[in-house]
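Colleague: Below you will find the structure I want to go over with you.
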């Protein structure tokens, strides 16, 4: 068996930042396992700009953002294996992977950082009636075809779902000469960032129909068209509202799901809301020594947040390897009325940074509301928010002092209040 | 000539609906914004809307078949289509580094198109 201090599963933005952070915090025995043929993950196909505004104070494209991290990994001499598919992780932190050169390899790690990212929700999850013709793609698959392979998925396109990848692809396919007929979204609000709606749809006159969904797919060999229907408040199609759109391609941008099959094999407890591991302030999962960061933990809007989360995971993984993680009482973080979840979900004040960033999403659009934080019954934060929306991740900062001043604190509550 | 242009502010998720009233192409009134950033956005979008254009072009002899490119800075919005046409029949050969100039001055904008990905020789 081969030994490493820290093994990182996945060489995308989270894995790269976690590796660099582990190295900078003093660990020199690090291995990144990446299943694709190059490092960088999904950033390699995100050729649009808008990455890195927070991290580098400039607007980069996805490949440029990835390259900054890859260069550092190479400069530090951090080891990585490509085309390496991890097939098992145990709670004892034995990692098994296969690739063509090495065959089946088992590694014993002192700490593992899970950075596998997420995958797209597929047609199978949607129950749209119709045959199974070709021409139905997830937006990310189409993005790979267009931006990496150089193939166009079709000429006349309907996009279901207004997630950011769908919006970005609406613009991309239009620029490459396709006709994007419309984007429909089942919710009454868009799941994507405002800037993408304006710059990807409005700029090109592509209509966005909210509270609409695809109710039928036509075509036996290839998609020939779709029915788009309006939905009611319960998201049920309203009879008689179906409108036919001829198209040869349907793109699905209907949500991302953290990819945690490996986490489950290692008995890592999963949060049913995020579909990612439950973690504490150290980004440690329920299994000591297994950490998680990035989209495998919860789906982010901005890669900058993925990177900063992964930096923290790397730092705490090194602390764990060096036996510096302190045991102690944990404080639970509760989310209520509108706040769907939080990452982390517990804090051990002994291990907390000076500021713990708690990230979360709300479940609905709230206007002119307050974001409040309670320490037990005492309200310590009451922030006026003009808008809170499910499409945009929110965060609150918890100073360590709040916790150390209250040794008997049982819970932190994050909530949305009308006043 | 009077004209009203409707915009959506992109500075925050509020997405305020902005209405800009123009007289002979000059802004006479901006309404609908709820903070200063909305007003600034409206002025910029009306007087000088700009966008960064990103695309891909084929590479020969590289470890990938396509290299991603971008306009080094944003260019006038009305030049997006011309910029895409200028990229249409281009081809480069490996190796390619990030920042390599693909077009020195795209469509008279004074802005170069540069590569955004490293392509190694196969």
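The values are calculated or read from the model by the stated rules, or taken from the named source; none is laboratory data. Values in this document were obtained by computation on a predicted structure and should not be read as measured data. For neighbour counting, all protein chains shown are included, and Cβ atoms are generated from backbone atoms with ideal geometry for every residue, glycine included.
Colleague: Is at least one residue of region A:225-232 touching a residue at least 60 places away in the same chain (Cβ under 8 Å) and either assigned by TED's automatic domain parsing to the domain that holds residue A:136 or closer than 21 Å to residue A:135 by Cβ (or both)?
Modeller: yes
Colleague: Looking only at region A:249-275, which residues are assigned to a helix (DSSP H, G or I) and either touching a helix residue (DSSP H, G or I) at 6+ places or on another chain (Cβ under 7 Å) or buried (at least 23 other Cβ atoms within 10 Å of the Cβ) (or both)? Spell out the reasoning first.
Modeller: Narrowing region A:249-275 to residues assigned to a helix (DSSP H, G or I): A:261-265.
Answer for region A:249-275, where residues must be assigned to a helix (DSSP H, G or I) and either touching a helix residue (DSSP H, G or I) at 6+ places or on another chain (Cβ under 7 Å) or buried (at least 23 other Cβ atoms within 10 Å of the Cβ) (or both): just A:263.
Colleague: While we're here: Looking at (1) without any contact (Cβ under 8 Å) to a residue 40 or more places away in the chain; (2) over 20 Å from residue B:97 (Cβ atoms), which is the only condition residue A:64 fails?
Modeller: (2)
Colleague: Look through A:168, A:159, A:148, A:197 and report the one residue that is under 22 Å from the mean Cα position of the chain (by Cα) and at pLDDT below 95.
Modeller: Only one candidate passes the filter, namely A:197.
Colleague: Mind listing just one residue for me: the one in region A:360-374 that is outside any strand (DSSP E or B) and free of Cβ contacts under 8 Å to residues at least 40 places away in the same chain and, of those, surrounded by the most Cβ atoms within 10 Å (Cβ to Cβ)?
Modeller: A:363
Colleague: Now for a separate question. Inspect region A:43-57 for any residue being over 19 Å from the mean Cα position of the chain (by Cα), in the same structural domain as residue A:106 (by TED's automatic domain parsing) and over 27 Å from residue B:70 (Cβ atoms) and give the result as yes or no. Can you show your working first?
Modeller: Initial filter on region A:43-57 (over 19 Å from the mean Cα position of the chain (by Cα)): A:56-57.
Restricting the remaining residues to those that are in the same structural domain as residue A:106 (by TED's automatic domain parsing) gives A:56-57.
Pick out the ones that are also over 27 Å from residue B:70 (Cβ atoms) and you get none.
No, because not a single residue in region A:43-57 is over 19 Å from the mean Cα position of the chain (by Cα), in the same structural domain as residue A:106 (by TED's automatic domain parsing) and over 27 Å from residue B:70 (Cβ atoms).
Colleague: What about residue B:57, is it more than 8 Å from chain A (Cβ to nearest Cβ) and over 15 Å from the mean Cα position of the chain (by Cα)?
Modeller: Numbers: more than 8 Å from chain A (Cβ to nearest Cβ): yes; over 15 Å from the mean Cα position of the chain (by Cα): yes.
Criteria met by residue B:57.
Colleague: Could you please find all residues in region B:98-119 being in a loop (DSSP other than H, G, I, E, B), on the phi < 0 side of the Ramachandran plot and facing another protein chain (nearest Cβ under 10 Å)?
Modeller: If the condition is that a residue be in a loop (DSSP other than H, G, I, E, B), on the phi < 0 side of the Ramachandran plot and facing another protein chain (nearest Cβ under 10 Å), then B:98, B:116, B:117, B:118 are the ones that fit.
Colleague: Does residue B:69 meet the test of being in contact with a strand residue (DSSP E or B) (Cβ under 8 Å, 6 or more places away or on another chain) and under 18 Å from residue A:172 (Cα atoms)?
Modeller: yes
Colleague: Here's a follow-up. So residue A:282 clears everything in (1) part of a loop (DSSP other than H, G, I, E, B); (2) under 15 Å from residue A:360 (Cα atoms) except one condition, right? Which one?
Modeller: It fails just one condition, (2).
Colleague: Would you confirm whether or not region B:82-90 contains a residue that is surrounded by 12 or more Cβ atoms within 10 Å (Cβ to Cβ) and either in a strand (DSSP E or B) or touching a residue at least 40 places away in the same chain (Cβ under 8 Å) (or both)? Let's see the steps before the verdict.
Modeller: Step one: list which residues in region B:82-90 are surrounded by 12 or more Cβ atoms within 10 Å (Cβ to Cβ), which gives B:82-84, B:86-87, B:90.
After this cut, where a residue has to be either in a strand (DSSP E or B) or touching a residue at least 40 places away in the same chain (Cβ under 8 Å) (or both) as well, the list is none.
Taking every residue of region B:82-90 in turn, none turns out to be surrounded by 12 or more Cβ atoms within 10 Å (Cβ to Cβ) and either in a strand (DSSP E or B) or touching a residue at least 40 places away in the same chain (Cβ under 8 Å) (or both).
Colleague: Any chance you could count how many residues in region B:67-91 are more than 10 Å from chain A (Cβ to nearest Cβ), over 14 Å from residue B:107 (Cα atoms) and under 15 Å from the mean Cα position of the chain (by Cα)?
Modeller: Number of matching residues: 0.
Colleague: Still on this structure: Before we move on, is residue B:54 free of Cβ contacts under 8 Å to residues at least 40 places away in the same chain and in contact with a helix residue (DSSP H, G or I) (Cβ under 9 Å, 6 or more places away or on another chain)?
Modeller: no
Colleague: Kindly check whether there is at least one residue in region A:325-336 that is surrounded by 19 or more Cβ atoms within 10 Å (Cβ to Cβ) and within 30 Å of residue A:194 (Cβ to Cβ).
Modeller: yes
Colleague: For region B:42-54, name all the residues that are more than 10 Å from every other protein chain (Cβ to nearest Cβ) and not in a loop (DSSP other than H, G, I, E, B).
Modeller: B:42, B:43, B:44, B:46, B:47, B:50
Colleague: I've got another one for you. So which residues in region A:120-132 are touching a residue at least 60 places away in the same chain (Cβ under 8 Å) and surrounded by fewer than 17 Cβ atoms within 10 Å (Cβ to Cβ), if there are any at all?
Modeller: Within region A:120-132, A:122, A:125, A:126, A:129, A:131 qualify.
Colleague: Assess whether residue A:262 counts as being touching a residue at least 60 places away in the same chain (Cβ under 8 Å), in contact with a strand residue (DSSP E or B) (Cβ under 6 Å, 6 or more places away or on another chain) and over 25 Å from residue A:135 (Cα atoms).
Modeller: yes
Colleague: For region B:25-34, enumerate the residues that are within 25 Å of residue A:368 (Cβ to Cβ), more than 8 Å from chain A (Cβ to nearest Cβ) and without any contact (Cβ under 8 Å) to a residue 24 or more places away in the chain. If you could, list the steps in order and put the result at the bottom.
Modeller: We begin by selecting, within region B:25-34, every residue within 25 Å of residue A:368 (Cβ to Cβ); these are B:30-34.
Restricting the remaining residues to those that are more than 8 Å from chain A (Cβ to nearest Cβ) gives B:30-33.
Passing the criteria: B:30, B:31, B:32.
Colleague: Could you say which residue among B:18, B:7, B:22, B:64 is touching a helix residue (DSSP H, G or I) at 6+ places or on another chain (Cβ under 9 Å), in a strand (DSSP E or B), facing chain A (nearest Cβ under 9 Å) and surrounded by 14 or more Cβ atoms within 10 Å (Cβ to Cβ)?
Modeller: Being touching a helix residue (DSSP H, G or I) at 6+ places or on another chain (Cβ under 9 Å), in a strand (DSSP E or B), facing chain A (nearest Cβ under 9 Å) and surrounded by 14 or more Cβ atoms within 10 Å (Cβ to Cβ) holds for just one of B:18, B:7, B:22, B:64, which is B:7.
Colleague: Considering A:317, A:313, which residue is in a helix (DSSP H, G or I), farther than 23 Å from residue A:399 by Cβ and assigned by TED's automatic domain parsing to the domain that holds residue A:57?
Modeller: The unique qualifying residue is A:317.
Colleague: A further question follows. I'm told residue B:95 meets every condition in (1) more than 9 Å from chain A (Cβ to nearest Cβ); (2) at pLDDT below 95 except one. Can you identify the failing condition by its number?
Modeller: (2) is the only condition that residue B:95 fails.
Colleague: Quickly run through region A:342-359 and pick out the residues that are surrounded by fewer than 20 Cβ atoms within 10 Å (Cβ to Cβ) and outside any loop (DSSP other than H, G, I, E, B).
Modeller: Result: A:346, A:355, A:357, A:359.
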